[in-house]
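To start, the structure itself, in structure tokens.
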Protein chains: 2
Amino acid sequence: MYTYEYPRPALTVDCVIFGLDENVLKVLLIQRLKAPFEGSWALPGGFVDMRETIDHAAQRELQEETGLENIYMEQLYTFGDVDRDPRGRVVSVAYYALVKFEDYKKVRGATDAMDAAWFAVSELPPLAFDHDKILALAHQRLKNKLRYQPIGFELLPEKFTFSQLQTMYETIWQKELDKRNFRKKILQLGFVMELEEYQTGHQHRAPRLYKFDKEGYLSREAKGADFEG
Amino acid sequence: MYTYEYPRPALTVDCVIFGLDENVLKVLLIQRLKAPFEGSWALPGGFVDMRETIDHAAQRELQEETGLENIYMEQLYTFGDVDRDPRGRVVSVAYYALVKFEDYKKVRGATDAMDAAWFAVSELPPLAFDHDKILALAHQRLKNKLRYQPIGFELLPEKFTFSQLQTMYETIWQKELDKRNFRKKILQLGFVMELEEYQTGHQHRAPRLYKFDKEGYLSREAKGADFEG
DNA sequence: TAATTGTCTTGTATAAAATACACTAAGATT
DNA sequence: AATCTTAGTGTATTTTATACAAGACAATTA
């Protein structure tokens, strides 16, 4: 038992993990093992330990509930409404990340969850707590972030075609893009490197493969990829 | 005394309040009344009560320590390193806002602080805790936000001249702008309304006054003031 | 009242970036 | 060889960003 002079809210973390399955944006959910919301689907998450940073808590909870390890997540927002948890006052710091769906396609419910599974963002089950709000904000942020930073490469295999890249952008933005202009813009940004390899095995012309050009990206960033001034 | 089954971090809020004094970007600090860091300058802030949202806690603490009331603040980031507070584990949700410096020029240390005062962002005293980190992040965010949203009008009097507006942008961005191009861009954005009034009393041509055009801004936002696609 | 001072206000030419748009190329299959 | 399907490419137009200099006007002073 732990005693304090003043009452303290409990502190949790919640993780919004996005992945791209073909052309569908999905999110990783767990099925809750305990009350409240027993059996409901929810974002992976849990209580922050005293001896870990909140970033670490997010990583740990994700691992414990879904098995995903070493996922770099970014802090999203802290949710602190008074009645967001029926157990009492619980403040939750939300994180989000993009992962390669292929690498984590088969998730199992790990230690602290009945089950874990991917759901299309457009067809979600009812979620526990205020997790629908958290997820909506994360989706919003994802869309914005993609504009300025070359995240999203994390969603693709190491070598990818221009079609795959474009489809990813179209999926996350929910909008069709022109092939030629898209190619022009991406090449101009210098985020990708052309490879001398082609993706074969389909019944049509073999598309060239590309990979993310980290150096190109960083040198651009150093130059100051600023928009205004 | 309050007892819990598991230990809990304490939860605080901290507020970064920016104001523009002539051409100098300033931030509102308080001088701490108690240990730790007694007598040090720090961001206004304090513990979250059980029956208030974290947003409310930020407003309340700001009021209690500086007297500023009804300031709309935006959540910035949550700081959760293990050793950021010598008293033990304390997680802090940071908020930031812009206020009209003129309206709050004379701050007093209110109930919970020895003193409160404005400091130029470029000439800060040593700060308590990790408040330098918080402030740096807030400044960063402020600069970015100004690009996309017409905040900053909160920093000016209701009626302002183009010079004042431009000087504000130059101060926050720390960069000189071309007068003609600046005027063109702002007018094109439709954020301001021309008034039939002029600012007199100086020994030179009287500049026209403008005010923030909320309708113009909102209609633009509805149209989708998007940058890409 | 004419000249001076200091800021306010305005336009145009050029360069860069975004957009719209349609055909040929090349594997795979029949 | 013909067909199917996706890959790949260029140009003209519009929009936006940038660079840049002179006259307008109110107040003050000679």
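The values are calculated or read from the model by the stated rules, or taken from the named source; none is laboratory data. Since the structure is predicted, the reported quantities are computational estimates derived from the model, not experimental observations. Positions of Cβ are generated from backbone atoms using ideal geometry, with glycine treated the same way; all protein chains shown enter the neighbour counts. Heavy atoms of the whole protein, side chains included, go into the accessibility calculation; ligands, DNA and RNA do not. Shrake-Rupley method; radii C 1.70, N 1.55, O 1.52, S 1.80 Å.
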- Scope segment B:58-80; condition open to solvent by 10 Å² or more (accessible area, probe 1.4 Å), within 14 Å of chain A (Cβ to nearest Cβ), under 20 Å from B:V107 (Cβ atoms) and of a type outside the set (D, E, K, R); matching residues: B:Q59, B:M73
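Can you find a residue that is in the same structural domain as B:W118 (by TED's automatic domain parsing) and more than 27 Å from A:F47 (Cβ to Cβ) anywhere in segment B:49-58?
In the first step, residues of segment B:49-58 are kept if they are in the same structural domain as B:W118 (by TED's automatic domain parsing); the result is B:49-58.
In the following step, the residues that additionally are more than 27 Å from A:F47 (Cβ to Cβ) were identified as none.
Scanning segment B:49-58, I find no residue that is in the same structural domain as B:W118 (by TED's automatic domain parsing) and more than 27 Å from A:F47 (Cβ to Cβ), so the answer is no.
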- Note on the structure: Residues in segment B:167-181 that are touching a Leu at 6+ places or on another chain (Cβ under 8 Å) and either open to solvent by 20 Å² or more (accessible area, probe 1.4 Å) or of a type in the set (S, T, Y) (or both) total 4
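More than 16 Å from DNA strand C (Cβ to nearest atom) and within 17 Å of B:V24 (Cβ to Cβ), is that true of B:H131? Steps first, answer last, please.
Details: more than 16 Å from DNA strand C (Cβ to nearest atom): yes; within 17 Å of B:V24 (Cβ to Cβ): no.
For B:H131, the condition - more than 16 Å from DNA strand C (Cβ to nearest atom) and within 17 Å of B:V24 (Cβ to Cβ) - is not met.
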- Task: Being closer than 20 Å to A:Y6 by Cβ and at pLDDT 95 or above is the filter; apply it to segment B:31-44 and report the residue that is nearest to the other protein chains (Cβ to nearest Cβ).
- Result: B:P44
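Given the criteria within 16 Å of DNA strand D (Cβ to nearest atom), in a helix (DSSP H, G or I) and either surrounded by 17 or more Cβ atoms within 10 Å (Cβ to Cβ) or not β-branched (V, I, T) (or both), does A:R141 qualify?
On the way: within 16 Å of DNA strand D (Cβ to nearest atom): no; in a helix (DSSP H, G or I): yes; either surrounded by 17 or more Cβ atoms within 10 Å (Cβ to Cβ) or not β-branched (V, I, T) (or both): yes.
Considered against the rule, which asks whether it is within 16 Å of DNA strand D (Cβ to nearest atom), in a helix (DSSP H, G or I) and either surrounded by 17 or more Cβ atoms within 10 Å (Cβ to Cβ) or not β-branched (V, I, T) (or both), A:R141 comes out as no.
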- Residues of segment A:8-23 classified as within 14 Å of chain B (Cβ to nearest Cβ) and assigned to a loop (DSSP other than H, G, I, E, B), total: 2
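Table: residues versus (1) away from chain B (no Cβ under 14 Å); (2) open to solvent by less than 40 Å² (accessible area, probe 1.4 Å); (3) not in a strand (DSSP E or B).
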site: A:Y6; (1), (2), (3): no, no, yes
site: A:L25; (1), (2), (3): yes, yes, no
site: A:L29; (1), (2), (3): yes, yes, no
site: A:H56; (1), (2), (3): no, no, yes
site: A:V82; (1), (2), (3): no, no, yes
site: A:D85; (1), (2), (3): no, yes, yes
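Could we say that A:E52 is farther than 30 Å from A:F160 by Cβ, away from chain B (no Cβ under 13 Å) and more than 16 Å from the chain's Cα centre (by Cα) here? Outline the logic, then answer.
Details: farther than 30 Å from A:F160 by Cβ: yes; away from chain B (no Cβ under 13 Å): no; more than 16 Å from the chain's Cα centre (by Cα): yes.
The answer is no for A:E52.
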- Message: Considering only segment B:8-25, I want to know if a residue exists there that is closer than 23 Å to A:R51 by Cα and among the polar types (S, T, N, Q).
- Response: yes
- Message: Among the residues in segment A:150-158, are any within 14 Å of chain B (Cβ to nearest Cβ), within 16 Å of DNA strand C (Cβ to nearest atom) and within 17 Å of the chain's Cα centre (by Cα)?
- Response: yes
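Can you find a residue that is within 16 Å of DNA strand D (Cβ to nearest atom) and of a type in the set (K, R) anywhere in segment A:157-174? Let's see the steps before the verdict.
Pass one, segment A:157-174, residues within 16 Å of DNA strand D (Cβ to nearest atom): A:157, A:159-171.
Narrowing further to those that are of a type in the set (K, R): A:159.
Yes.
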- Note on the structure: Filtering segment B:182-218 down to residues that are at positive phi and either assigned to a strand (DSSP E or B) or loosely packed, with under 12 Cβ neighbours inside 10 Å (or both) yields B:G201
- Those residues of segment B:31-54 which are closer than 20 Å to B:L137 by Cβ, out of contact with any Ser or Thr (no Cβ under 7 Å at 6 or more places or on another chain) and open to solvent by less than 20 Å² (accessible area, probe 1.4 Å), in sequence order: B:A42, B:L43
- For segment A:114-138, what are the residues that are open to solvent by 10 Å² or more (accessible area, probe 1.4 Å), in a loop (DSSP other than H, G, I, E, B) and small (G, A, S)? A:S122
- For segment B:67-84, how many residues are at pLDDT below 95 and in contact with a Pro (Cβ under 9 Å, 6 or more places away or on another chain)? 1
